[in-house]
Each structure stands twice: as structure tokens, then as C-alpha cells.
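S.K.: Below you will find the structure I want to go over with you.
The values are calculated or read from the model by the stated rules, or taken from the named source; none is laboratory data. All of these numbers come straight from a predicted model, not from anything done at the bench. We place every Cβ from the backbone using ideal geometry, glycine too, and count neighbours over all the protein chains shown. Accessible surface is based on the protein model in full, side chains and every heavy atom, while ligands, DNA and RNA are left aside. Shrake-Rupley method; radii C 1.70, N 1.55, O 1.52, S 1.80 Å.
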Amino acid sequence: MFAGYPCIPGGYDEMVSEPGRVRRPWANFLTSLDRLGREELALRWEGAKKIIRDHGVTYNVYGDPQGMERPWELDMLPLIIPPAEWAKIEEGLIQRTRLFNLVLADLYGPQRLLREGHLPPALVYANPNFLRPCHGVLAPEQGYLHLHAVDLARSSDGRLWALSDRTQAPSGAGYALENRIVLSRVLPDEFRDCHVQRLASFFRRQSDMLLSLATQNRENPSVVLLTPGPYNETYFEHDFLARYLGFTLVEGGDLTVRDRRVFIKTLEGLRPVDVILRRVDDSFCDPLELRGDSFLGVAGLLEAARAGNVVIANALGSGLVETPVFLAFLPGLCRHLLDEELKLPSVATWWCGQPKELQYVVDHLDEMVVKSAFGLRTQALYFGAKLGAEERSQLVAEIRARPHAFVGQEQVTLSTAPSWQNNKLEPRPLVLRTYVAAGNNSFTVMPGGLTRISTSAAELNVSMQSGGGSKDTWVPTDGPVSTLSLLTASGQPIRAGRSSAELPSRVADNLYWLGRYAERLEATLRLLRAMVIRMAGESAADGSPELTGLAQVFVRLDLLPTRFDERVPLKELEQEVLLLIYNQGRTGGARHILGRLRAIASVVRDRFSVDTWSILNKLNIDGRSRPRRIPLADALALLNAVIVDLSAFSGMEMENMTRGLGWRFLDFGRRLERASHVVRLLRAASSRSVKTTAVLEPVLEISDSLMTYRRRYLASVQLPSVLELLLLDEGNPRSLAFQLRALRQHAASLPRDARGPRQTAEQEHIGTLVNLLGKVQRTGPGVASAGEALDSLLADFVVELGVLSNHLTHHYFTHTVASVSWSA
């Protein structure tokens with residue numbers, strides 16, 4: 001399997017020292033893989049990709065056609081680092097974190113480093129990452145960096161260099177954990193035989209450190225993870241870490257500041273927050289003092305931190321030392337602040353703001369990578385060796401015009417490691433991102449990290465945004481492997497946390513609409529399936545009573561244009577129905593509703609188990625299938641598959657979700673949508689212009705009540721009996737009466753003001769709906785024969801259901817006074 005693996009001349013390969021000679025840490029692993037063989041390894045790789053799909057692991061590459069649906073790229077082979085070398089890396093990483101904490105404490109405090117000449121003032125005052133409002137906001141015990149990430153690369157001589165630091169909101173730790181979960185499952189024997197150090201101890205220490213930072217409520221601290229939202233490229237990681245660490249995932253809109261304290265807005269009221277683990281960049285965290293156009297942060301957050309009422313990890317302003325310009329000054333700072341030599345050297349860096357360094361960069365441009373001194377993401381990288389004469393002249397002119405804005409860095413030839421590509425091993429350049437967690441003057445290093453690889457052996461820019469992949473990172477141990485888990489050991493006391501019970505209003509809102517869209521999608525699919533079955537059946541023909549009647553029902557449900565009220569050729573009807581099934585841009589169609597369902601589910605994915613999320617992923621995959629040679633047959637297969645997926649999701653919801661407020665709002669939305677659908681369907685089917693007798697059986701089929709009707713009535717389908725079954729029968733899960741009973745139970749369990757009236761407004765609205773249903777029951781069969789009376793009653797149901805939804809939204813989600821009127 002490994003014969004013919006190429007070594008890149010002049011480079012360093014992590015696996016082989018020269019062709020045919022394997023480095024010691026890799027020997028046992030490669031022997032084990034060779035026993036597996038190429039075919040078995042390919043099968044394991046397919047299994048890994050399935051786990052990634054089932055877990056919904058994604059990374060959003062901006063501008064990528066797959067958008068948020070782009071699966072995470074994981075390579076089948078890990079990077080293996082020998083334990084002796086890792087011990088030295090740990091020492092260097094901890095020293096580096098200590099150093100950066102001291103630098104930040106000085107620059108946001110007394111600024112002695114500037115006054116004594118250890119740092120040029122331009123590195124701070126010309127740096128857009130220096131946040132002036134944060135000056136004087138000192139972190140407890142100089143703990144600015146609670147999570148510090150360092151990107152490491154190995155040069156051709158085998159030495160490790162620090163390429164860059166991530167100090168404000170480091171990403172990737174969650175992906176490293178997910179990589180470990182996947183690879184340890186598909187290569188379990190190899191993982192055990194290599195005695196790989198586990199990652200759980202790192203996350204346990206990180207969790208404990210964050211909890212210990214609380215200054216207000218030390219007994220039961222509330223920790224939240226602040227995310228920019230589902231459109232961020234690493235949103236999967238935010239959700240994954242929040243669930244794994246047991247913290248509440250929040251967006252900026254979920255938090256508010258009152259009296260210089262941060263609170264989370266929940267359905268039960270405001271709950272104080274003690275620690276914020278943020279994944280939002282510095283300047284976006286507070287629109288009041290930092291960046292006025294930000295919708296991601298919390299107004300007043302900096303003032304709450306200034307008052308010491310909340311701890312933010314990492315501290316606001318810590319992005320200052322993330323900029324590449326600081327790398328040029330780290331050796332001197334380390335000697336001055338720690339009286340030590342820098343153990344983990346940075347890649348050679350020259351700041352062009354100094355005349356001597358500027359000239360050196362210009363003279364040696366062919367050996368340089370030129371980048372923004374202050375880490376501006378809009379600034380491109382310039383590889384000097386690749387520049388033409390004109391490009392070189394333009395770059396030199398730009399550097400001389402704004403020298404303080406540029407740094408030159410020595411271009412390091414990255415080491416390579418084997419990657420499983422096209423059923424064989426190929427070398428890929430790599431960069432290893434390592435992590436240090438800190439708190440209360442204690443430090444812990446993740447034993448491993450996130451290894452990123454480039455898209456090809458010739459590509460020097462290793463970036464996930466450029467389409468690169470990732471590897472798990474294995475650090476073997478010579479001693480026993482820790483079996484620590486984040487699960488509480490048997491016999492240990494369990495601390496009851498408040499965060500597990502908190503439900504932010506935004507989350508309740510999304511769960512409510514997730515229930516509505518799941519039910520709306522199923523109802524639409526059942527409507528479309530009833531039509532497709534009849535179009536593909538042997539009795540399909542122009543002017544068929546059932547097809548004509550169904551088309552008229554579709555018109556009244558706003559699914560087809562009004563011209564389908566008349567007799568329309570079967571071929572034209574078929575084309576319109578297929579558009580409703582496959583066209584993403586068709587409002588009210590299956591793909592459109594599925595897209596809305598997927599978007600809302602992604603926002604609340606932290607509320608679902610892995611099994612439930614696997615079902616939602618399958619739903620999305622099945623819903624993307626395309627028509628082939630027999631469009632109607634393929635459409636019917638798609639409709640059946642997605643309906644089964646929705647049934648599986650409904651089953652997980654009913655049987656696996658804890659009966660908390662989250663489940664109640666999800667089911668509330670489902671019941672209200674089902675009630676609305678059955679009323680609108682019956683109103684459309686009983687319209688005077690519709691051939692009612694022809695559509696009653698399809699209506700029962702759409703409502704999944706046809707078999708019940710046949711067993712109960714043993715007669716031809718009649719409108720009075722259909723109304724009784726779909727409106728009044730409390731034992732039928734598809735009936736209006738059943739939905740109202742469920743809604744009444746939910747309404748009685750929703751949060752309420754103890755000082756308010758005995759009956760809440762939503763209970764009153766549901767009571768109005770029950771009274772309307774009683775009117776139908778008292779009228780009896782006569783209501784079916786009185787077309788206008790039936791239509792009026794059904795219209796009243798539509799209005800009252802809309803009013804109930806409107807009230808729920810304003811009272812629980814937006815917390816405003818309802819002012820929107822609904823009409824039939």
C-alpha cells in the first residue's frame with residue numbers, strides 16, 4: 001500500500017525520513033494499515049464520510065456553491081507526533097500564553113512596554129485591533145486569554161515554528177474533537193494500539209476553568225457560548241462545543257444588559273450570566289462602545305465587563321496580539337517580561353515600519369511572504385517568488401507608501417504528511433493548530449490539535465476557506481492512557497445547573513416554527529402525492545373528475561394558478577405539479593418549505609440528539625433527489641421517502657425529547673399548523689365551485705384517515721361523515737378536535753405571571769376555537785348541506801388560529817403588543 005509514496009525533494013515528510021524509511025512513531029500504525037489493505041481502508045473511509053454526514057459536520061466556505069451544506073473535509077490518516085517532541089511543544093505553548101497575557105495586561109493597563117521602548121507606539125495606536133474603550137478594563141488575574149491557539153509548521157530541517165496566534169476567538173477545537181470521534185470509530189484497533197492520548201481531559205479542564213472564572217455566582221455559575229449565528233463558517237463547532245461542555249448556546253439578541261449586569265432572555269424571565277465564552281470577534285461584541293453597525297453583540301457588554309459583573313473569554317481587546325506584527329518583537333518581550341528565551345520560536349518576521357527592516361524585506365522579497373501587519377482579512381498574501389516584475393514594483397511602492405502596514409515573513413517550506421487521495425497515499429503540506437486553555441494561573445494543552453492540509457502538494461496556502469482538508473492529530477504516550485470522560489463518574493455528586501433548563505425566547509420561536517414547517521411540509525407532500533398517484537394511474541385523463549377536483553383544491557390552497565379552475569390538459573397539470581415538487585424557487589412548493597425547515601433546524605441543532613439530527617440530514621439528502629427518465633414515478637418515490645423521513649423525525653420528537661418548554665413549543669407549532677391545514681383543506685374541498693364528491697376520498701387520503709373512515713362507516717364517502725371524522729373526532733390524531741385538546745394542554749403548561757389572571761390569553765383564544773367546534777357539533781349534518789354556513793364557520797377557524805399564532809409570537813417571542821390583524 002505504501003510502495004511508491006513520493007518524498008518531495010528538499011522538504012520534510014512527517015512519515016518518512018527518506019524513500020522507504022519510516023519514522024519510528026509511524027511504524028506500528030502503518031503495519032496495521034497494511035494488514036487492512038486498500039479495499040478495507042476504502043470501506044472504512046466511506047464509513048467515516050457517513051458519520052460526518054450523519055453528524056451534520058459542515059464548514060461554510062464563503063462563495064462556495066454548497067454554502068452551509070459543504071461537508072467537513074477529514075483525511076483518513078492522522079498526523080502522529082512522538083511524545084518526547086510533544087512535551088517540548090507543550091512547554092513552548094504554555095510559555096507563549098503566559099507571555100501574551102502579560103503583554104495584554106500591560107497594553108490595556110500601565111503601558112510600560114511603550115514608555116520604556118520595548119514596543120514601538122505605532123504597533124498599538126495604529127493598530128485597528130487595539131480597542132481604546134477597553135483600556136483600563138483589566139481581566140481578573142491578568143487572564144486575558146482563556147483559549148489560545150497557535151499555528152505550527154515544520155520547516156525542511158525539521159524545526160517547528162509558530163506561524164501565527166489566534167487570541168480573540170480561536171476556532172477549530174470542536175472540529176479537532178469531531179475528527180477524533182470519527183477516526184477512533186473507523187480505526188479503533190489502530191487507535192488503541194498507538195496508545196493515543198485522549199482529548200476529554202483538555203475539555204474537562206477548560207470547562208472547570210471557565211466555571212471558576214465566575215465572580216458573582218460561584219456556587220452555580222451560568223456560562224453561555226456566544227455565537228454570531230448559523231451563517232458563520234464554524235457554526236457547527238459552536239453548537240457542538242456548547243452541547244459537549246454543557247453550556248447554553250446564545251446569539252447576541254438572546255442577551256441584554258440591565259444595571260451593568262448581563263442577562264439571558266428566557267421564557268421564564270431574565271436570568272443572570274456570569275461567564276461568556278465568545279465566538280464573536282472583538283469589535284462586534286458591543287454596538288454601543290465598539291462597532292455601531294454590529295447586530296452580533298450586546299449593547300452595554302463592555303460596561304458590564306468594566307464593572308466586573310461578567311467575565312468574557314477571551315477578554316475584549318485580546319485580538320490586538322493576534323496581529324502578525326507582534327511576532328517580530330516576541331523574543332525581546334519574552335526576555336524582558338519572563339526573563340526567559342522564547343522556547344517556541346516564531347517564523348522570522350520583519351516589520352516594515354522600521355527603516356532597516358523595510359530595506360531588508362525589499363532586498364529579499366523573493367524569500368518573503370508579505371502580509372498585513374495588523375492582520376486585516378481583506379489583505380492578500382504576497383509570495384515574493386511568484387510575483388512578476390510589474391507586480392513586484394507595485395508591491396514595493398505600496399510598502400514604501402505605508403511601511404507600518406506591512407510585515408515580511410520568511411517563506412517556510414511546509415512539511416508534508418500522507419493523505420488518502422484517490423485510493424492511494426499522496427503528500428500534502430500541513431499546518432498544525434494547537435490549543436492552550438488557561439484560568440486562575442493554570443494552563444492545560446490539548447494533546448494534539450487540528451491539523452490542516454492543503455488542496456495539493458504544490459499549494460502553499462493551507463486554509464479551510466481555500467478548500468483544504470483536516471486530519472486528526474495523535475500524540476502517543478509511553479504510559480497508561482487516561483480514561484477520563486466528561487460524563488460524571490458513578491458515585492460523584494452532580495451539580496444541578498441552571499443552564500440546562502433555560503430556554504431563550506429566540507430558541508422557543510425557532511422551535512415553534514420548526515414544528516410548523518415540519519407539519520406544513522408533510523401536508524404539502526401528502527397533497528402532492530395524492531395528485532401524482534392520480535396522474536400516474538390508469539384512469540388519468542383530461543377532465544378526470546378527481547384530477548379536476550384536486551386541481552381546484554390546489555387553486556384554493558394557493559398552490560396552482562387560477563386557470564386550473566377550468567379544464568386543463570393533463571400534460572400542463574403534470575408540469576405544474578413537478579415544479580411544485582422540484583423547483584426551489586416555487587413559494588409554497590416542497591423544496592421551498594424544505595429549505596425553510598432546514599434553515600430553522602440549523603439554528604436550534606443544539607437542541608437535538610445525534611440520532612434526530614441524522615434524520616434531519618437524511619431528510620435534506622432525500623429531498624434533493626432529481627427526476628430521471630420517468631418523472632412521475634421518480635416524483636412519487638421522492639414524496640414517499642421524504643414523508644417517511646418526516647415520520648421518523650416526528651417519532652423522535654414524540655418519543656425522545658424531554659417534555660420541557662422546548663418540546664412544548666415545537667409541538668404547539670405542529671398542532672397549530674395541522675389544525676390550520678385540516679380547516680383550510682376542508683374549506684377548499686367543500687367550496688361550491690369544487691366537485692366535492694370527487695375529492696372527498698383524496699381529502700381523507702391526504703389526512704391519513706381513509707382506512708379509519710372505511711372501517712367506521714362502511715359506506716361511500718359523504719361530506720357529513722368526513723366533517724365528523726376530521727373536525728369532531730377527538731380520537732383521530734388528524735382531527736381538529738384532537739389538535740385543540742393538545743393545544744389546550746400545552747397552553748396550561750406555558751410560563752405565566754403568578755399575579756396575572758387565572759386564564760391566560762392563549763387559553764382564551766383556544767377556548768374560542770373550542771366554542772366554534774361546539775357550534776359545528778350542535779349544527780350536526782345540517783352544516784354540511786348549508787354551504788355558506790360551513791364556509792363561514794371554517795373561515796372563523798382560520799381567523800382564530802391566526803390570532804392565536806399572532807398572540808403567541810408577540811407574548812413569548814418578541815415580547816411586544818400584538819397589532820397585526822388576520823383575515824380569512
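S.K.: Just to check your reading of the model, which residue among Leu119, Leu138 is under 29 Å from Ala348 (Cα atoms), aliphatic (A, V, I, L, M) and assigned to a loop (DSSP other than H, G, I, E, B)?
M.R.: Leu119
S.K.: Those residues that are open to solvent by less than 40 Å² (accessible area, probe 1.4 Å) and not aliphatic (A, V, I, L, M), I need them from region 709-733; list them, please.
M.R.: Listed by number, the residues that qualify are Tyr709, Ser721, Asp729, Asn732.
S.K.: Of the conditions (1) over 23 Å from Glu219 (Cβ atoms); (2) open to solvent by 20 Å² or more (accessible area, probe 1.4 Å), Cys285 fails just one. Which one is it?
M.R.: Of (1) over 23 Å from Glu219 (Cβ atoms); (2) open to solvent by 20 Å² or more (accessible area, probe 1.4 Å), only one is false for Cys285: (2).
S.K.: Could you look through region 260-279, keep only residues that are over 19 Å from Leu213 (Cα atoms) and touching a helix residue (DSSP H, G or I) at 6+ places or on another chain (Cβ under 9 Å), and pick out the one that is surrounded by the fewest Cβ atoms within 10 Å (Cβ to Cβ)?
M.R.: Glu268
S.K.: Another question about this same structure. Would you check if Gly388 is open to solvent by less than 70 Å² (accessible area, probe 1.4 Å), out of contact with any strand residue (DSSP E or B) (no Cβ under 9 Å at 6 or more places or on another chain), free of Cβ contacts under 8 Å to residues at least 60 places away in the same chain and farther than 30 Å from Arg44 by Cβ?
M.R.: Yes, satisfied.
S.K.: Give me the residue from region 306-330 that is open to solvent by less than 20 Å² (accessible area, probe 1.4 Å) and in a loop (DSSP other than H, G, I, E, B) and, out of that set, farthest from Arg218 (Cα to Cα).
M.R.: Of everything passing the filter in region 306-330, Thr323 is farthest from Arg218 (Cα to Cα).
S.K.: Please determine whether any residue of region 214-234 is open to solvent by 20 Å² or more (accessible area, probe 1.4 Å) and not in a loop (DSSP other than H, G, I, E, B).
M.R.: no
S.K.: Another one. Can you give me the number of residues within region 730-749 that are of a type in the set (Gly, Ala, Ser), closer than 18 Å to Val798 by Cβ and assigned to a helix (DSSP H, G or I)?
M.R.: 1
S.K.: Additional query: In the set Ser372, Ser393, which member is among the polar types (S, T, N, Q) and within 38 Å of the chain's Cα centre (by Cα)?
M.R.: Ser372
S.K.: Also, I was wondering about something else. Could you list, in sequence order, all residues of region 76-114 that are under 30 Å from His135 (Cβ atoms), open to solvent by 30 Å² or more (accessible area, probe 1.4 Å) and part of a loop (DSSP other than H, G, I, E, B)?
M.R.: Pro110
S.K.: Still on this model: Considering only residues that are touching a residue at least 60 places away in the same chain (Cβ under 8 Å) and closer than 16 Å to Val507 by Cα, which ones fall in region 212-225?
M.R.: Of everything in region 212-225, just one residue is touching a residue at least 60 places away in the same chain (Cβ under 8 Å) and closer than 16 Å to Val507 by Cα, namely Val224.
S.K.: Considering region 155-194 alone, what residues qualify as being more than 18 Å from Pro324 (Cα to Cα) and in contact with a strand residue (DSSP E or B) (Cβ under 7 Å, 6 or more places away or on another chain)?
M.R.: Within region 155-194, Ser155, Gly172, Ala173, Tyr175, Ala176, Asn179, Val182, Cys194 meet the criteria.
S.K.: Now for a separate question. Output the qualifying pairs, or none if there are none: Cβ atoms under 9 angstrom, residues six or more apart or on different chains, first residue in region 17-45 and closer than 20 Å to Thr416 by Cα and in a helix (DSSP H, G or I), second residue open to solvent by 70 Å² or more (accessible area, probe 1.4 Å) and of a type outside the set (A, V, I, L, M, F, W, C).
M.R.: Correct list of pairs: Asn28/Asp193; Phe29/Asp193.
S.K.: If we keep just the residues of region 432-444 that are surrounded by fewer than 23 Cβ atoms within 10 Å (Cβ to Cβ) and part of a strand (DSSP E or B), which is farthest from the chain's Cα centre (by Cα)?
M.R.: Looking at the filtered set, the residue picked out is Ser442.
S.K.: Would you point out which residue out of Ala637, Ala641, Ala675, Ala599 is in contact with a helix residue (DSSP H, G or I) (Cβ under 6 Å, 6 or more places away or on another chain) and open to solvent by 30 Å² or more (accessible area, probe 1.4 Å)?
M.R.: Ala641
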